[in-house]
There are 6 protein chains.
Amino acid sequence: MYSVSVRSHMMIAHSLSGPVFGPAQRLHGATYVVDVEFRRSELDADGLVVDIGRATEVLHAVLSDFNYRNLDDHPGFHGRNTTTEFLARVVFDRVAEAVRRGDLGAGTRSIESMRVTLRESHVASAAFEAAIPF
Amino acid sequence: MYSVSVRSHMMIAHSLSGPVFGPAQRLHGATYVVDVEFRRSELDADGLVVDIGRATEVLHAVLSDFNYRNLDDHPGFHGRNTTTEFLARVVFDRVAEAVRRGDLGAGTRSIESMRVTLRESHVASAAFEAAIPF
Amino acid sequence: MYSVSVRSHMMIAHSLSGPVFGPAQRLHGATYVVDVEFRRSELDADGLVVDIGRATEVLHAVLSDFNYRNLDDHPGFHGRNTTTEFLARVVFDRVAEAVRRGDLGAGTRSIESMRVTLRESHVASAAFEAAIPF
Amino acid sequence: MYSVSVRSHMMIAHSLSGPVFGPAQRLHGATYVVDVEFRRSELDADGLVVDIGRATEVLHAVLSDFNYRNLDDHPGFHGRNTTTEFLARVVFDRVAEAVRRGDLGAGTRSIESMRVTLRESHVASAAFEAAIPF
Amino acid sequence: MYSVSVRSHMMIAHSLSGPVFGPAQRLHGATYVVDVEFRRSELDADGLVVDIGRATEVLHAVLSDFNYRNLDDHPGFHGRNTTTEFLARVVFDRVAEAVRRGDLGAGTRSIESMRVTLRESHVASAAFEAAIPF
Amino acid sequence: MYSVSVRSHMMIAHSLSGPVFGPAQRLHGATYVVDVEFRRSELDADGLVVDIGRATEVLHAVLSDFNYRNLDDHPGFHGRNTTTEFLARVVFDRVAEAVRRGDLGAGTRSIESMRVTLRESHVASAAFEAAIPF
């Protein structure tokens, strides 16, 4: 299996509901350094999994809906805890949509699976990985 | 698959038996920067794989049995080479026990597998990953 | 010159006032990975610049006043932009106070200067460094 | 599954053919920081996946055929785009050959699979992973 | 002293003349991960050393003259060895010009000094630092 | 000021005397990832601060006297606490001797100062920097 990973980041505010979160129930924030790994069994005719430039642009576009925002006010997250693992899934779903739409190039329908990792600090991260359903 | 990773470290002395180890047959030591990745298919009701704070405490507790010690004298390792890959398995087994005991919360019985990585320098690391048997 | 550095982090929400900040004028947040470097010309009788454990505790205590908070509501920052460089100075001043109070040990009055670095992402950071006035 | 990873690097020149590459169609270059992860189900009698020293030597030997070279002139790559993902496969195949030849020790025929990762910058990397066919 | 650092990178080909360079006399290449640290004694009215977004744009613009190029053919480097330390100085001079021209904002004439660091691998880097002459 | 940094590591055992060290009074160990930064005002005729290959060899040679050893038994450290900051000074002095002897090349008498950094974990490091007395 071949893979290519690109990195970007977003800076958001949010609060988390439930006693398990302790002080994180207060409004606070995070920088998420986001890696998206694209995987496929065979390279395309150019020798690529995906064009790194285009993949980075797609990732920027996905993150721009959250970047510099308070996620507590985001219409898509009403009543949900925007934990790091939850957000990894959200980014996965948005990038997968872009892959299916062909935003990364026609050949990228050959991408079979992805892993999205969000690093929230030097000591903690979360990820979501799955096949991309076409 | 969702996952969450937490990081801590331990500083130990040990020696390794067998000609393959060359100068590492002498008493020396290592800092192991330890990452534990917890994996499960579905998030819990709070939107979590595992509570990062509690997971970090469990990891600290596991490492405290080895930290600041000479592993050559550790009763659990008599006659064993405490290589980095061996220690990755030891940490895995101890954290898996804690998961089964419910030390990370009742819901963490849904954790399906883990990966434990020990970085011994900027150029070498070892890991053990497996399903958690319940 | 000898130095010792310790690392911790904080996760905060804030907004920044002024057109130069563009989208960062909105309420958002950041993880700051914080390094404090303590510097002195001579080691103490134990061979130390500062005890790493105690320095880490002092840093945790300083950051706990900001961690998991919205800095826009912090009484100490009324009317101020809590930029990364501004916060580096705030952490410097608080740690310097702790040094002067002897919270890191009596011998730490020999600490001559410090550098506080806040990494806000994998591509940007800010720092403040100065002599510690006694 | 146990694994051990070792790291080295190479510095090469190349150009890439096809409009998708934009400015990378020009002769340019890259530092690739290369990690090779060796995986097996059981440790050997010494408690090892593979000897880290020997694995590092094998990796150095593989990279020395490319290091400080213009890959456009490399006889093995005629008519091929030496993308990061393509090179990950090349390094995989060369290290797998070394494993099969016994260059890492007789016991390393128990190595079941490998992952080769090439980091080309702080924001992009590629990898190839597969079972080692014996 | 306050400082702010921003990071970008460039991917270049070059060769180095002189027996001291050994195999690096051949045409090869490098990824340089470039950090520019801007320093000043006082923050501006917005609480900034420099706007991180604008500083990043200036750094991108400076690197774009070298990125994806063979430096052996660059008209500015005729008869010069484009070592990492030499390039650190080149980037310094170009960014310093931009600061003097006001490309980072009028207030940035208060920037007193800079440090430019080029990381060429996980084990080697070079830097140039100096006051900015106005 | 120009500078070049090279990195290597050593893995040692030791114990530390005095109540301030708590559990580190027991025999334990550490991996030290060691960076040596060489500084000079002008580049040599080849465009170098120091040859990176030769500097790395000198650093390896210096560390080989400590690597894979119990520093409690090292004849040079009798009655001394081998703290991270103390060891940074020891490495500094040894590399400075090599510079003065011309082990890095005749031109390296132009090296004016050095900084030696020892990273003992992902959260703590120590350094020693000074002019090199000729």
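The values are calculated or read from the model by the stated rules, or taken from the named source; none is laboratory data. Note that the structure is a prediction, hence the values are computed from the model and not measured. Note: ideal-geometry Cβ built from the backbone for every residue, glycine included; neighbour counts use all protein chains shown. Ligands, DNA and RNA are excluded from the accessible area calculation, which covers all protein heavy atoms including side chains. Shrake-Rupley method; radii C 1.70, N 1.55, O 1.52, S 1.80 Å.
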Extreme residue, farthest from C:Met1 (Cα to Cα), among residues of region C:107-124 that are part of a strand (DSSP E or B) and in contact with a Phe, Trp or Tyr (Cβ under 9 Å, 6 or more places away or on another chain): C:Arg119
Of all residues making up region D:54-70, the number that are open to solvent by 20 Å² or more (accessible area, probe 1.4 Å) and either in a loop (DSSP other than H, G, I, E, B) or more than 21 Å from E:Asp73 (Cα to Cα) (or both): 9
Residue match in region E:29-40 (condition: on the phi > 0 side of the Ramachandran plot, touching a Gly at 6+ places or on another chain (Cβ under 9 Å) and not in a helix (DSSP H, G or I)): no
Search result, residues across region F:38-53 that are in contact with an Asp or Glu (Cβ under 8 Å, 6 or more places away or on another chain) and either crowded, with 17+ Cβ neighbours inside 10 Å or farther than 30 Å from F:Arg109 by Cα (or both): F:Arg39, F:Arg40, F:Leu43, F:Gly47, F:Leu48, F:Val49
Top-ranked residue in region E:71-106 [being hydroxyl-bearing (Ser, Thr, Tyr) and assigned to a loop (DSSP other than H, G, I, E, B); ranked as surrounded by the most Cβ atoms within 10 Å (Cβ to Cβ)]: E:Thr83
Failed criterion for F:Ile12 (all others in (1) part of a loop (DSSP other than H, G, I, E, B); (2) under 17 Å from the mean Cα position of the chain (by Cα) hold): (1)
Which listed residue, of F:Gly102, F:Gly47, is of a type in the set (Gly, Ala, Ser), at positive phi and at pLDDT below 95: F:Gly102
Pair list, Cβ < 9 Å and 6+ apart or interchain, from region D:51-79 residues that are within 21 Å of E:His28 (Cβ to Cβ) and in contact (Cβ under 8 Å) with a residue 40 or more places away in the chain to residues that are of a type in the set (Gly, Ala, Ser) and surrounded by fewer than 15 Cβ atoms within 10 Å (Cβ to Cβ): D:Tyr68/E:Gly22
Any chance B:Arg7 is open to solvent by 50 Å² or more (accessible area, probe 1.4 Å) and more than 9 Å from chain F (Cβ to nearest Cβ): no
Options D:Val36, D:Val123; residue that is in contact with a Leu (Cβ under 9 Å, 6 or more places away or on another chain) and more than 17 Å from D:Ala13 (Cβ to Cβ): D:Val36
Members of region D:115-132 found to be more than 7 Å from every other protein chain (Cβ to nearest Cβ) and either more than 16 Å from the chain's Cα centre (by Cα) or crowded, with 22+ Cβ neighbours inside 10 Å (or both), listed by number: D:Val116, D:Thr117, D:Leu118, D:Arg119
Residue count for region F:77-110, restricted to those that are more than 19 Å from F:Ser15 (Cα to Cα) and either among the basic types (Lys, Arg) or within 12 Å of another protein chain (Cβ to nearest Cβ) (or both): 10
Filter result for E:Arg109 (at pLDDT below 95, in contact with a helix residue (DSSP H, G or I) (Cβ under 8 Å, 6 or more places away or on another chain) and surrounded by fewer than 17 Cβ atoms within 10 Å (Cβ to Cβ)): yes
Filtered residues of region F:25-37 (kept if open to solvent by 10 Å² or more (accessible area, probe 1.4 Å), within 13 Å of chain B (Cβ to nearest Cβ) and not polar (S, T, N, Q)): F:Arg26, F:Leu27, F:Val33, F:Asp35
Filter result (aliphatic (A, V, I, L, M), facing another protein chain (nearest Cβ under 7 Å) and touching a helix residue (DSSP H, G or I) at 6+ places or on another chain (Cβ under 7 Å)) within region A:38-76: A:Leu43, A:Leu48, A:Val49
Filter pass, D:Ser15 being surrounded by fewer than 20 Cβ atoms within 10 Å (Cβ to Cβ), touching a residue at least 40 places away in the same chain (Cβ under 8 Å), within 14 Å of chain E (Cβ to nearest Cβ) and within 23 Å of E:Pro23 (Cα to Cα): yes
